[in-house]
Amino acid sequence: MLYTIPGETSSITDNFGATYTDAGLGTTATSGGSTHQKGTPVTLIAGSSVISDIYGIAILFCGGNASNAIRRYFADILVDPNGGSNWNVKIPNLFVNNASLIQGGYRYFFPLYLKSGTSIGFQHQCNLAATALRCSIQLYGKPKNPELWPIGTIVESFGVNLGTTVGTAVVAGTSVLGSYTQIGTTTRKLWWWQWGGFGFDESSFLANSILGDVAAGVAGNQKICCDNCIQSYTAGEQCGKDSIGFRIPYRIIPESSPVWVRAACTGTPEGTATATTTAYGMA
């Protein structure tokens, strides 16, 4: 039998730039002039640089932390298929908490399809007014076997509360796995999953790591969709989050399914009374 490589792709372009620091990587945008308000969109990659169809997008947020400060964000990935800046939201309300490159950045990955010539931008809101956040993306395309590379076009978010820039309250276990909490319900059949990590309403962090699971289905018979995704943070309020977890987050879930999150913390969980989280599924 012949062995076929199922997912070989090539990097098409990125906006990392030449300065790999919290203040230099990627492109910066500022939240709105009021708290919990989306700011002015910025371009991440011009359509002229997207020279072939895109089959995946890697996203990294950084430059969004400050010592002894609360920094929670919801960021939208925007597209214009005609290569301009007539933006539409393609990936809504990615949760970001005190993002820092020191902790590896706050990461997401979606095998999302975009046609060649599409420009990509981003905008965000914060719990503070006029607050900066940096976004870097890397685009992947030219799959060797495109028929074996699954792609999606629509992303649903779960647990998002835009009015206060928080997710849905979930309590992580202290050195043990906590209980599942439902944070939403699917409206489509979804198959690719991402965890949003935790956001906190406090400004003095402990140095910890959290392992989070996203699951879906009826209570007591949940199917894990994204497991042991790691979020870590320092006592200097620097935070990072993985995008994948222990296995590829591929799980076909029907519409009208409850979505759940559970988590374990390596020590006493940060902000036990105020910790909130989100999740995302793609169709």
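Some points to look at:
- Table column - 3J(HN,Hα) (Hz), the range 101-112, Karplus curve with 6.51, -1.76, 1.60, x for Gly and Pro: 5, 4, 9, x, x, 9, 10, 9, 9, 10, x, 9
- Other-chain or far-sequence residues with amide H under 5 Å of Asn93's (modelled H): Ala75, Asp76, Ile77
- Cα gyration tensor shape of the range 10-147, rounded if a/c is under 1.5, else prolate or oblate by comparing a/b with b/c: prolate
- Ordering of 268-274, 193-199 by packing [mean C-beta count within 10 Å, highest first]: 193-199, 268-274
- For the range 71-80, backbone phi angles converted through the Karplus equation (6.51, -1.76, 1.60; θ = phi - 60°) give residue-by-residue couplings of 9, 10, 9, 10, 10, 9, 8, 10, 9, 10 Hz, Gly and Pro being listed as x.
- Taking amide H as placed 1.01 Å from N in the peptide plane, the amide H of Thr35 sits under 5 Å from that of Ala129, each at least 5 places away or on another chain.
- Cβ-Cβ distance of Ala169 and Thr30, R₀ of 41 Å, FRET efficiency by 1/(1 + (r/R0)^6): the value works out to about 0.90.
- Chymotrypsin sites (Phe, Trp or Tyr not before Pro) within the range 226-261, DSSP loop, no more than 16 other Cβ atoms inside 10 Å: Phe246
- Where Rh is the Kirkwood radius over Cα pairs, Rg/Rh for the chain: 0.96
- Distance-filtered residues of the range 182-214 - backbone nitrogen under 20 Å, label point 7 angstrom along Ser256 Cα→Cβ: 182-191
- Equivalent ellipsoid semi-axes - Cα gyration tensor, the range 153-282, angstrom: 24, 15, 13
- The trypsin sites (Lys or Arg not before Pro) found in the range 101-166 include none that occupy coil by DSSP while having at most 10 further C-beta atoms within 10 Å.
- Percent RCO, i.e. relative contact order, over the chain, from Cα pairs under 8 Å lying at least 6 residues apart: 24 percent
Bear in mind these aren't lab numbers, they're just calculated from the coordinates by the rules spelled out. None of these values were measured; they are calculated from a predicted model. No Cβ is skipped: glycine too gets one built from the backbone with ideal geometry, and neighbour counts run over all protein chains shown.
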